[in-house]
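A.B. asks: Quick one: structure below, then a few questions.
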Amino acid sequence: MQATLSNLDEILERIGPEAPLRVYLAGRDRAGQRLPDHVLTAIEREFAEIAGGCTVIPARGWWADTNRPPTPEAVRIIEVHFPQPLTVQQRNRFRQALGRILSTTNQRFLAITINNRMALIAGITDPGDDEQPVLVG
């Protein structure tokens, strides 16, 4: 599925009792610089405020760039569960939070899963790119 970023609400509507949300936070920005812990912790707190709690799962991932070999990095997975479908307010807050993650962490994509179904949210593009932010999943 591919849609404009403005249709992110359609994806967020899937979150509910049987469909948890997972957000995969890279430990480094696009330039390979380690993200400060206070930035990652602020993101975790925001999700906990929106959802009433969250679980942070440390993980290890690899990323590849055309300019360098695959590089290992620490990854944090934030998981939230809801006993009922999201309210409009919660959906709006998650949508804003996901956008802030992309800009704050200088990431090209943000990976999320809802009920184990992956989606990539495109964010930062290189100057001159014709890419528009899209949701793929």
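The values are calculated or read from the model by the stated rules, or taken from the named source; none is laboratory data. These figures come from a predicted structure and were not determined experimentally. With ideal geometry, Cβ positions are generated from the backbone for all residues, glycine too; neighbour counts draw on all protein chains shown.
A.B. asks: Inspect all residues belonging to the range 51-63 and state whether any of them is surrounded by 12 or more Cβ atoms within 10 Å (Cβ to Cβ), modelled with pLDDT under 90 and part of a helix (DSSP H, G or I).
C.D. replies: The answer is yes; a qualifying residue exists.
A.B. asks: Please determine whether any residue of the range 104-112 is of a type outside the set (A, V, I, L, M, F, W, C) and at positive phi. Steps first, answer last, please.
C.D. replies: Our first condition is that a residue be of a type outside the set (A, V, I, L, M, F, W, C); within the range 104-112, this holds for 104-108.
Narrowing further to those that are at positive phi: 106.
Checked against the condition, which is being of a type outside the set (A, V, I, L, M, F, W, C) and at positive phi, the range 104-112 yields at least one hit.
A.B. asks: Kindly evaluate P72 against the criterion of being more than 23 Å from L8 (Cα to Cα) and modelled with pLDDT under 90.
C.D. replies: Details: more than 23 Å from L8 (Cα to Cα): yes; modelled with pLDDT under 90: yes.
The answer is yes for P72.
A.B. asks: Testing L120 on (1) loosely packed, with under 13 Cβ neighbours inside 10 Å; (2) at pLDDT below 85, one condition comes back false. Which one is that?
C.D. replies: (1)
A.B. asks: In the range 1-18, how many are modelled with pLDDT of 75 or more and over 16 Å from the mean Cα position of the chain (by Cα)?
C.D. replies: Adding up the residues that qualify gives 3.
A.B. asks: What is the one condition in (1) assigned to a helix (DSSP H, G or I); (2) of a type in the set (G, A, S); (3) over 27 Å from D9 (Cβ atoms) that A42 does not satisfy?
C.D. replies: Result: A42 passes all but (3).
A.B. asks: Same structure again: Sort through R28, R76, R68 and tell me the only one that's under 17 Å from R108 (Cβ atoms), touching a Phe, Trp or Tyr at 6+ places or on another chain (Cβ under 9 Å) and basic (K, R). First the steps, then the outcome.
C.D. replies: Numbers: R76 fails: under 17 Å from R108 (Cβ atoms); R68 fails: touching a Phe, Trp or Tyr at 6+ places or on another chain (Cβ under 9 Å).
Just a single option satisfies the conditions, and that option is R28.
A.B. asks: Looking only at residues in the range 65-87 that are out of contact with any Asp or Glu (no Cβ under 9 Å at 6 or more places or on another chain) and of a type in the set (A, V, I, L, M), which one is surrounded by the most Cβ atoms within 10 Å (Cβ to Cβ)?
C.D. replies: Among those that are out of contact with any Asp or Glu (no Cβ under 9 Å at 6 or more places or on another chain) and of a type in the set (A, V, I, L, M), it is V80.
A.B. asks: Can I ask one more? How do the pairs read when you match residues in the range 67-95 that are closer than 30 Å to R34 by Cβ with residues anywhere that are of a type in the set (D, E), using Cβ under 8 Å and keeping only pairs 6 or more apart or on different chains?
C.D. replies: T71/D65; R76/E44; I78/E44; R95/D9
A.B. asks: Determine which member of the set T55, T105 is more than 16 Å from A122 (Cβ to Cβ) and among the β-branched types (V, I, T). Full working, then the answer.
C.D. replies: Values: T105 fails: more than 16 Å from A122 (Cβ to Cβ).
None of the others qualify; the one that does is T55.
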